[in-house]
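Q: Attaching a single structure in structure tokens format; questions to follow.
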Amino acid sequence: MARRDEQQRGFFGRWWANQSDRHYQIITNISILSAALLVWGIIFLFVLSGASDPSKENLVALTWIGMVVGGIGTFYVAPEFFYYSGQKQLLDDILLLDSRAEVLRRRKEGEDAAIMLGSRYMRLMRGLLEMHQIPVGKNLSLESITPNRKSKKPSSNTESWWNNTDSVLSRRLPGLDILRNLFYHRLSILILLGSLITLFWNNLFGLATQSGSREYTIDLTERISGSSSYYYSAAHFDPVSIILISFLLIILYSTRPFYDKEE
């Protein structure tokens, strides 16, 4: 009977069932990509009037396709992403509980969230139960991981940010456990800062040289759209640069240390 049900699922159904540990990561990646395609399509077609610009006609068809695909993906996948994110936040709150009675009260919702999110979260939930000497059921049969129990903030915010191995970014998005390694955490901060400084310098003071003077901003919007003229006298801001700067600032802010709300 189980074999018949598996055959009726089809190839995609069987593949999805085999990716149970990566559902959250896959949904997150598709949501981000879909939103990016949708936003770019709206900006290019309606803000930059790309559809009416003859120099950009080679991008119009691809942009329309990307916007439609992005819109469909956002409509169907984004609600799943927010649901999974809610379950992740719920489990994070439970993993920070110090009261055995409270852990017992919220055990069922914590186990359900952990099973939905995958094996790593199941191991964390099992570790929490074992830490409070609560019997573990068969639904959490994996080897346990003891949850991180940080209790105090370092005295210096800058120092704690630079030496942080438990960032908001590594907590919120799946598949980014590598950022809990101090080397990669610091590397990500340096890359983000370097990218932001380059973008700000280009927009405010210019990176391009014309007539022997480095006072010209590279318009990224015009450059991406294939325009033959994309140099402007600094200071100059374009939509793509503004979007990139905003996005990188949000990511940089997400590298801050993760703390319990009660702290």
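The values are calculated or read from the model by the stated rules, or taken from the named source; none is laboratory data. Nothing here was measured: the structure is a model prediction, and the numbers come from that model. Cβ placement follows ideal geometry from the backbone for every residue including glycine, while neighbour counts extend to all protein chains displayed.
Q: I'd like the full set of residues that are modelled with pLDDT under 70 and outside any helix (DSSP H, G or I), limited to region 1-25.
A: Met1
Q: Do the conditions hold for Lys88, that is, is it at pLDDT below 80, in a helix (DSSP H, G or I) and of a type in the set (Lys, Arg)?
A: So Lys88 fails the test.
Q: Determine whether Val103 is modelled with pLDDT of 80 or more, surrounded by fewer than 18 Cβ atoms within 10 Å (Cβ to Cβ) and more than 26 Å from the chain's Cα centre (by Cα).
A: Against the criterion (modelled with pLDDT of 80 or more, surrounded by fewer than 18 Cβ atoms within 10 Å (Cβ to Cβ) and more than 26 Å from the chain's Cα centre (by Cα)), Val103 does not qualify.
Q: Kindly establish whether Phe82 is touching a helix residue (DSSP H, G or I) at 6+ places or on another chain (Cβ under 8 Å) and either surrounded by 13 or more Cβ atoms within 10 Å (Cβ to Cβ) or among the aromatic types (Phe, Trp, Tyr) (or both).
A: For Phe82, the condition - touching a helix residue (DSSP H, G or I) at 6+ places or on another chain (Cβ under 8 Å) and either surrounded by 13 or more Cβ atoms within 10 Å (Cβ to Cβ) or among the aromatic types (Phe, Trp, Tyr) (or both) - is not met.
Q: Okay, moving on. Any idea which of (1) outside any loop (DSSP other than H, G, I, E, B); (2) among the polar types (S, T, N, Q); (3) within 21 Å of the chain's Cα centre (by Cα); (4) modelled with pLDDT under 85 is the one Thr165 doesn't satisfy?
A: Going through the list (1) outside any loop (DSSP other than H, G, I, E, B); (2) among the polar types (S, T, N, Q); (3) within 21 Å of the chain's Cα centre (by Cα); (4) modelled with pLDDT under 85, Thr165 breaks only (1).
Q: How many of the residues in region 29-38 are farther than 15 Å from Ile65 by Cβ and among the aliphatic types (A, V, I, L, M)?
A: Total meeting the criteria: 3.
Q: Hey, could you check region 21-69 for residues that are among the polar types (S, T, N, Q) and loosely packed, with under 13 Cβ neighbours inside 10 Å and say which is farthest from Gln87 (Cα to Cα)?
A: Among those residues, the one meeting the criterion is Ser52.
Q: Here's something else I'd like to know. Could you list all residues from region 229-260 that are in contact (Cβ under 8 Å) with a residue 60 or more places away in the chain, of a type outside the set (A, V, I, L, M, F, W, C) and assigned to a loop (DSSP other than H, G, I, E, B)?
A: Result: Ser254, Thr255, Arg256, Tyr259, Asp260.
Q: Just the residues that are under 32 Å from the mean Cα position of the chain (by Cα) and either modelled with pLDDT of 85 or more or among the acidic types (Asp, Glu) (or both), please, taken from region 133-143.
A: Glu143
Q: Those residues that are of a type outside the set (A, V, I, L, M, F, W, C), farther than 25 Å from Gly50 by Cα and crowded, with 16+ Cβ neighbours inside 10 Å, I need them from region 236-256; list them, please.
A: Ser254, Thr255
Q: Being in contact (Cβ under 8 Å) with a residue 60 or more places away in the chain and not basic (Lys, Arg) is the requirement here; does Asp92 meet it?
A: yes
Q: Is it fair to say Ser188 is surrounded by 13 or more Cβ atoms within 10 Å (Cβ to Cβ) and within 30 Å of Gln87 (Cβ to Cβ)?
A: In short, yes.
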